[in-house]
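J.: If you scroll down you'll find the structure; I have some questions about it.
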Amino acid sequence: MSTNLSIHATRRARVARQLGDGGIAVIPTAPEHLRNRDNPFAFRHDSYFYYLSGFTEPNAWLVLDAEGRSTLFCQPKNLEREIWDGIRLGPETAPGALGVDEAFSFDELDQRLPKLLENRASVWFPFATHDGLPTRIDGWLRQVRARARQGVLAPETQRDLCAVLDEMRLFKDAHELALIRRAAQISAAAHVRAMQRSARMLRAGQEVREYHLEAELLHEFRQHGAQAPAYGSIVAAGANACVLHYRADAASVRAGELVLIDAGCELDGYASDITRTFPADGKFTGPQRELYQLTLAAQQAAIAAVRPGARFNDLHAAAVKVLTQGMIDLKLIDRNQHGTLDDAIANRAYFAHYMHRTSHWLGMDVHDCGSYVEPTEAEQTSERRDPLSGESVIERPSRILHPGMVLTIEPGLYVRPSEKTPSHFWNIGIRIEDDAVVTDEGCELMTRAVPVEPDTIEALMAD
């Protein structure tokens, strides 16, 4: 639970100012989920809720009104349940601990919410984030309308609170950046640890499995205080690296093959996201190095495109241009079939070996919220026909980058066996991913404590 009361109070005040006259906002935390029988998954709070409250317990709701008043509903103190599940903050202590104006038991939610909604002009809540939330709010509004004969007015409009919160969360403050940087440091150390163990075990003639390397990641995360992985760790050996969302499993890690690790920790509610691809035994083969150098050059081009005033899509365009030219040079793309570089890009000839985007926002969620369309230009549309699917696609100007935005930069190259590609590249999958914050001058890479240059990776793994 965050103890920085002023940060969360300031955020709540910013939201309140955007609710309009008579507005009220309702924000639940995440529900608990059973893993099997009566054994729950580890609870993880809802990011919107935590952003405004700093509170990590389940069964909690936050209500904000346009006048700036905040009301928390949380689990009541219960000695028997606290013996089993841990100490609860309780509504009596919550105002002083969290800086909210008042707090009540979660058991009183259905009783008190209709009263809070009375005579309000609009009710805001995060759309499409919690199953059953609109139905729950409809039930409370039904009770408000039932008092119409007594002169009680119900909110006439329902508004999406995500529109407000997404824009706020897109720009990270100094407190958030410090947490993301620390998470990045921990994750970088975990990648280094996994690289070195892979080479060390293979040199010793020991059997290495993907789960051995995943264990190194988890150890380093927890050793330095991270609460959990920010997402399911990908540890993919050999051909498994060509499966984009492969999960760490039991496949053998063999000398002469590459290992792709996409993993990052979550620290105090904030994520990191790093991908590195390295030779299992610490030495790149010729074909591996060729494809790796191409992917790294694409990442460097994307990094160079990050600066205030640039567009979010500029990064992808820069990476695609380098990758496509490299694929033509290495005969992964048939020049006779696809023509010039511009033709190959326009026809998306690269898609067979690079099928994902180059970047995404990063923050409390690993794929963080925030529009990828420039809000001031959302009405400007153009239409194109996708050369692969034939579908008509409506496009809008992509987001203009500003200092404080945090994003990943992660080009990749994946070569599955095919008659159209040289066999010495088969089953090689490479992705290189770093976390960057846009600065006044360009960008700061927060994850380079784990190397990307092939010679430096080899030297690290030889140590």
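The values are calculated or read from the model by the stated rules, or taken from the named source; none is laboratory data. This one's a predicted model, so the numbers in the text were calculated from it and none came from an experiment. So basically every Cβ, Gly included, is an ideal-geometry build from the backbone, and we count neighbours across all protein chains shown.
J.: Could you tell me whether the range 48-68 includes any residue that is surrounded by fewer than 18 Cβ atoms within 10 Å (Cβ to Cβ) and among the β-branched types (Val, Ile, Thr)?
T.: Taking every residue of the range 48-68 in turn, none turns out to be surrounded by fewer than 18 Cβ atoms within 10 Å (Cβ to Cβ) and among the β-branched types (Val, Ile, Thr).
Residues checked against (1) farther than 18 Å from VAL450 by Cα; (2) modelled with pLDDT under 95; (3) of a type in the set (Lys, Arg):
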position	(1), (2), (3)
VAL192	no, no, no
MET195	no, no, no
ARG200	no, no, yes
ALA204	yes, no, no
ARG209	yes, no, yes
SER233	no, no, no
GLY238	yes, no, no
ALA251	yes, no, no
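J.: Within the range 254-292, can you find the residues that are surrounded by fewer than 23 Cβ atoms within 10 Å (Cβ to Cβ) and of a type in the set (Gly, Ala, Ser)?
T.: ALA255, GLY256, GLY269, GLY282, GLY286
J.: Being small (Gly, Ala, Ser), farther than 12 Å from LEU72 by Cβ and exposed (fewer than 15 other Cβ atoms within 10 Å of the Cβ): is that true of ALA128 here?
T.: It is true that ALA128 is small (Gly, Ala, Ser), farther than 12 Å from LEU72 by Cβ and exposed (fewer than 15 other Cβ atoms within 10 Å of the Cβ).
J.: I've got another one for you. Just give me the residues in the range 18-45 being surrounded by 21 or more Cβ atoms within 10 Å (Cβ to Cβ), part of a loop (DSSP other than H, G, I, E, B) and not polar (S, T, N, Q), in sequence order.
T.: Step one: list which residues in the range 18-45 are surrounded by 21 or more Cβ atoms within 10 Å (Cβ to Cβ), which gives 19, 23-29.
In the following step, the residues that additionally are part of a loop (DSSP other than H, G, I, E, B) were identified as 19, 29.
Scanning the range 18-45 gives a single hit, LEU19.
J.: Can I ask one more? Given (1) under 17 Å from the mean Cα position of the chain (by Cα); (2) among the acidic types (Asp, Glu); (3) farther than 20 Å from MET364 by Cα, where does GLU266 come up short, assuming only one miss?
T.: Failing condition for GLU266: (3).
J.: I've got another one for you. If only one of ALA251, ALA230, ALA237, ALA241 is touching a Gly at 6+ places or on another chain (Cβ under 8 Å), surrounded by 21 or more Cβ atoms within 10 Å (Cβ to Cβ), more than 23 Å from LEU445 (Cα to Cα) and assigned by TED's automatic domain parsing to the domain that holds GLU176, which one is it?
T.: Sole residue among the options that is touching a Gly at 6+ places or on another chain (Cβ under 8 Å), surrounded by 21 or more Cβ atoms within 10 Å (Cβ to Cβ), more than 23 Å from LEU445 (Cα to Cα) and assigned by TED's automatic domain parsing to the domain that holds GLU176: ALA241.
J.: Further question on the same structure: Count, please, the residues in the range 451-462 that happen to be out of contact with any helix residue (DSSP H, G or I) (no Cβ under 7 Å at 6 or more places or on another chain) and part of a loop (DSSP other than H, G, I, E, B).
T.: The number of residues fulfilling the criteria is 1.
J.: Give me the pairs, please: first residue somewhere in the range 388-406 and more than 24 Å from HIS175 (Cβ to Cβ) and assigned by TED's automatic domain parsing to the domain that holds GLY442, second residue anywhere and among the polar types (S, T, N, Q) and in a loop (DSSP other than H, G, I, E, B), beta-carbon distance under 6 Å, and either six or more positions apart or on two chains.
T.: Listed by first residue and then by second, the contacts come to ILE394/THR381; ARG396/THR381; PRO397/GLN380.
J.: Just need a number here: residues in the range 332-355 that are β-branched (Val, Ile, Thr) and part of a loop (DSSP other than H, G, I, E, B).
T.: Number of matching residues: 2.
J.: Hand me the list of strands (runs of 3 or more DSSP E) wholly inside the range 356-450 holding 2 or more residues that are touching a Leu at 6+ places or on another chain (Cβ under 7 Å).
T.: In the range 356-450, the matching strands (runs of 3 or more DSSP E) lie at 406-409, 412-415, 428-431, 434-438.
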